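Read the structure below first, then the notes.
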Amino acid sequence: LEEDETRQSSAVDVLVRIFDRLGYERRCGGATPLPTEESNGVAEAVLRAAAEAAGPHFGQLWERAGNVLRSRLLGLLRSVAICAAGCAHHGPNPAHAAILNVVAAVLGQEGKGDTENLVGGALGAWMAVLRTSDAYTNDMDGTYAALGVHVRRCGGPSDWWEHLRPIMLLTESYILLGGAHFLNAGHAATVSLLLSQTLTQVRPRGASYVMTVVDALLRAFPKEGGVLLAATPPEMPDVPSALQRMLTACAGNFWGVRNCEPDVVVVSYLEALARACWGDLGILDGFYPVQVMGRPGEKPFGEDHPLQVFSGEHFGPQQLMELYFERIDNAGHGPHGPHRRKFWAMFLLSLLPKDAHQHYHPYSLAVVKEMDRLVNLLMDVLTQLDELAAKGVPTFKPTCTAWDDDDDDADVVDDGGRYARILTQHMAKDVVHTTDLRDCIRTSMHALATSMGQEAYDEVMGTVEPVVLRQLQEKLL
């Protein structure tokens, strides 16, 4: 609490090193394991120290500090959160509420320059709290509300895109921890705004972080998540919704529009659209036909292409289904590739007619028309999954969905595995991991034969290469 800011900064740096070291030893068990009673005593001491470090004295220092010292103090809060997470305790971490209050205060500040530079440190401290929390608390609501105020106060999305990665990873953690409570607390509008301001507008690496939010939302809430993504942000009624942006990007990729989204991004959009349709088959109907255009002044299909602008009638349900078949190989890359392909297979099977009425659905007609490609797709996916099972590869593992995640890891939190456990529990409930693909194939094909009649069914299956069809039948035995 001295007036000399240089000495204060040095003291804060020492505290950061102490908490970092103590937290590391607590997580690793220390060089020599302590007896249970002594270990519990150390844990309580650490928690008391953490609470005090983020307590009243901290508040006094924060009020008098300049932005240089405040930046160091935010680093201290991050270290405090991680250190305290290494201690076994019941209930909310005593330091978290104070840390979240400071983060909310930083996000609530108006101004540019040095003040705005504190946002990155605040997000790092906030990330430490989220990644080291076992459950959602009421204190977390106010901090996310402050983020909504901060984003809306920015002159435009490019003013907060420099913090895209932590903001999206924080939002994903809120969905994992808070679930319906988080969205129903008034934060759904902020999530919708963040997605509408970023989808199809950032580079592939940035898109990977945005899609962590979309994936978490649709895994947890297939129907309600789709409704949120289909709606435009309340304060921006004229901008395209998240689903509309993704669908338009897929249309551009399908027709090879210049500067369209690359395949590695489009496959993640296709999965999101499939999951939204899984919850509500008609959720995209209001967005057809899709207008496919280039940027103003461009010839989107190249100088020599005979068609420079499509009316939109050229990309509808049939073209969307065709894009799934064309991009299935691209969907198999990365740690989530096999299960993305499995979900695509499940989604396409779900579109096969199950009764006479469904024969007339555009998606159903398009998939039946591509029965040869569907059977080949099913064979490829089953073969890949069988090979992984034979090698003992885990059914799924929680990883970041970034395609080239070599970013600076300054905001990576050593949380003792908390985030991985929560994400694993979340993913374990996903339909792609609770559904047996072989059973899905048998059930869908039987329903197709029943709804079409045996003669029509045999005619459709006659378009399939006999060898491939026989191989699939053998795999289903």
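The values are calculated or read from the model by the stated rules, or taken from the named source; none is laboratory data. For clarity, every value in this text was computed on a predicted model and none was experimentally measured. For neighbour counting, all protein chains shown are included, and Cβ atoms are generated from backbone atoms with ideal geometry for every residue, glycine included. Calculation scope for accessible area: heavy atoms of the full protein, side chains included, ligands and nucleic acids excluded. Shrake-Rupley method; radii C 1.70, N 1.55, O 1.52, S 1.80 Å.
Of the residues that sit in region 409-428 and are in contact with a helix residue (DSSP H, G or I) (Cβ under 8 Å, 6 or more places away or on another chain) and not aliphatic (A, V, I, L, M), which one is modelled with the highest pLDDT?
Among those that are in contact with a helix residue (DSSP H, G or I) (Cβ under 8 Å, 6 or more places away or on another chain) and not aliphatic (A, V, I, L, M), it is 426.
Looking at 55, 66, 86, which is the one that is farther than 21 Å from residue 143 by Cβ, at pLDDT below 65 and open to solvent by less than 50 Å² (accessible area, probe 1.4 Å)?
Checking each option against the conditions leaves just 86.
Quickly run through region 432-453 and pick out the residues that are over 20 Å from residue 380 (Cα atoms), open to solvent by less than 40 Å² (accessible area, probe 1.4 Å) and not polar (S, T, N, Q).
447, 448, 449, 453, listed by residue number.
If you check 205, 152, 219, which single one turns out to be open to solvent by 40 Å² or more (accessible area, probe 1.4 Å), of a type in the set (Lys, Arg), in a helix (DSSP H, G or I) and within 17 Å of residue 246 (Cβ to Cβ)?
That would be 219, the only listed residue that is open to solvent by 40 Å² or more (accessible area, probe 1.4 Å), of a type in the set (Lys, Arg), in a helix (DSSP H, G or I) and within 17 Å of residue 246 (Cβ to Cβ).
Using beta carbons and a limit of 6 Å, which pairs, at least six apart or on different chains, have the first residue in region 261-287 and in the same structural domain as residue 208 (by the TED database) and the second one open to solvent by less than 30 Å² (accessible area, probe 1.4 Å) and of a type in the set (Lys, Arg)?
271/340
Residues being open to solvent by less than 30 Å² (accessible area, probe 1.4 Å), of a type in the set (A, V, I, L, M) and more than 14 Å from residue 221 (Cβ to Cβ): count how many of those fall in region 161-188.
Adding up the residues that qualify gives 5.
Given the conditions (1) touching a residue at least 24 places away in the same chain (Cβ under 8 Å); (2) assigned to a helix (DSSP H, G or I); (3) open to solvent by 10 Å² or more (accessible area, probe 1.4 Å); (4) more than 25 Å from residue 75 (Cβ to Cβ), report the number of the one that residue 158 does not fulfil.
(1)
When you scan region 324-392 for helices (runs of 4 or more DSSP H) that lie fully inside it, which ones turn up with 1 or more residues that are among the polar types (S, T, N, Q) and open to solvent by 30 Å² or more (accessible area, probe 1.4 Å)? It would help to see each step written out before you state the result.
Working: elements: 337-350, 362-369, 371-390.
Those helices (runs of 4 or more DSSP H) span 337-350, 371-390.
Would you mind finding the one in 276, 220, 272, 249 that is over 18 Å from residue 336 (Cβ atoms) and small (Gly, Ala, Ser)?
Sole residue among the options that is over 18 Å from residue 336 (Cβ atoms) and small (Gly, Ala, Ser): 249.
Among the residues of region 258-271, count how many are open to solvent by 10 Å² or more (accessible area, probe 1.4 Å) and either hydroxyl-bearing (Ser, Thr, Tyr) or part of a loop (DSSP other than H, G, I, E, B) (or both).
The qualifying residues number 5.
So which residues in region 222-250 are more than 18 Å from residue 282 (Cα to Cα) and part of a helix (DSSP H, G or I), if there are any at all?
Going residue by residue through region 222-250, those that are more than 18 Å from residue 282 (Cα to Cα) are 233-239, 249.
The answer is 249, and nothing else.
Could you list, in sequence order, all residues of region 199-216 that are in contact (Cβ under 8 Å) with a residue 12 or more places away in the chain and out of contact with any Lys or Arg (no Cβ under 9 Å at 6 or more places or on another chain)?
First, the residues of region 199-216 that are in contact (Cβ under 8 Å) with a residue 12 or more places away in the chain: 199-202, 204-216.
If the condition is that a residue be in contact (Cβ under 8 Å) with a residue 12 or more places away in the chain and out of contact with any Lys or Arg (no Cβ under 9 Å at 6 or more places or on another chain), then 202, 204, 207, 208, 210, 211, 212, 213, 216 are the ones that fit.
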